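The values are calculated or read from the model by the stated rules, or taken from the named source; none is laboratory data. For clarity, every value in this text was computed on a predicted model and none was experimentally measured. Reconstructed Cβ throughout: ideal geometry from the backbone, glycine too, with neighbour counts over all protein chains shown.
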Amino acid sequence: MKAIEIALKRPFPVARLKWRRGQGGSGELVYITARDVMDRLDEVFGPVGWQTRYEFIGGRMICNLSCNIGGEWVTKADGADDTNIEAAKGGISDSLKRAAVLWGIFRYGYHPGAFNSKKEPASWATPEGFDALMAAKEGKEIDQWRADLGPVT
């Protein structure tokens, strides 16, 4: 994986994760906030290396999330309905989080084996476990693997 992809996909520290009840008795769902997404984008691309544009189409808020990669703006988009809690504001936040998943941010949170029934993450769903797994895939020690990644942008 390239450094940008790894940085985007790297799991969040467990302390940053939030849990809520799913709709229709679907159990507990793990999530991150829109601010977590913004922080990750800032870490990877810098504060001026990404941007959003929102549209309201067919009753859904659409977030066009663009990132500057090698001088070229690349856009991925997804949408969300207004939420029951904060209506339009919730739709904006949810559409950003959904667009971020297209970039790999918190995609692991949707994997059925990422967390057990006690809300404990699988080893690979932690930053340390992810790094160990990626290093092992390349046959390297973690410190060497991290050093070889070099700068993200």
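Observations, loosely collected:
For every residue, the table says whether it meets (1) part of a strand (DSSP E or B); (2) closer than 26 Å to LYS2 by Cα.
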position	(1), (2)
ARG20	yes, no
ARG35	no, yes
VAL48	no, yes
MET61	yes, no
ASN68	yes, yes
ALA77	yes, yes
GLY109	no, yes
GLY113	no, yes
SER117	no, no
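- PHE56, sole failed condition from (1) touching a residue at least 40 places away in the same chain (Cβ under 8 Å); (2) aromatic (Phe, Trp, Tyr); (3) assigned to a strand (DSSP E or B): (1)
- Those residues of region 138-152 which are at pLDDT 90 or above, in a helix (DSSP H, G or I) and among the acidic types (Asp, Glu), in sequence order: ASP143
- Flag for GLY139 being out of contact with any strand residue (DSSP E or B) (no Cβ under 6 Å at 6 or more places or on another chain), free of Cβ contacts under 8 Å to residues at least 60 places away in the same chain and of a type in the set (Gly, Ala, Ser): yes
- With respect to the conditions (1) more than 29 Å from GLY71 (Cβ to Cβ); (2) within 15 Å of the chain's Cα centre (by Cα); (3) acidic (Asp, Glu), ASP39 falls short on a single one, namely (1).
- Candidate set: region 1-55, residues that are of a type in the set (Asp, Glu) and surrounded by 14 or more Cβ atoms within 10 Å (Cβ to Cβ); chosen: the one farthest from ASN116 (Cα to Cα): ASP39
- Restricting the first member to region 15-29 and to residues that are without any contact (Cβ under 8 Å) to a residue 24 or more places away in the chain, and the second to residues that are hydroxyl-bearing (Ser, Thr, Tyr), the beta-carbon pairs closer than 7 Å and six or more apart or on different chains are LYS18/TYR31; LYS18/THR33; ARG20/TYR31.
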